[in-house]
Amino acid sequence: MKEVQKVLDELKEVRPEKLTGEAKRLFEAIMKIADERDELLKERQADKEKIKELYEIIINNKPHIAQQKLKLYIEELLKDEGE
């Protein structure tokens, strides 16, 4: 994973306007994949934070609040899948 990040960091220094043809298409594809990966990582972190919040609510013996929040999170997920 470190190697991949190193390559992506190096690609950030590339000036796309200097690329042509296949090199430009390859660069654009790699950057698009990297952007999508970053977005998925953000979503994953948000999910972890929601799970942590639910866990803390349950630990504090407030299952009814946890149940309400879980219902909201599930509704969010289902809404996102419908888009």
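Every number here is computed from the coordinates shown, using simple stated rules; none is lab data. Treat the numbers as computed from the prediction; the structure is a model and nothing was measured. Quick reminder, even Gly has a Cβ in these numbers, built from the backbone with ideal geometry, and neighbours come from all protein chains shown.
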Subject >> Filtered residues of region 6-59 (kept if assigned to a loop (DSSP other than H, G, I, E, B) and surrounded by 10 or more Cβ atoms within 10 Å (Cβ to Cβ)) >> reply: VAL14, LEU19
Original post:
What number of residues in region 62-83 are over 16 Å from LYS52 (Cα atoms) and surrounded by 10 or more Cβ atoms within 10 Å (Cβ to Cβ)?
Top reply: 3
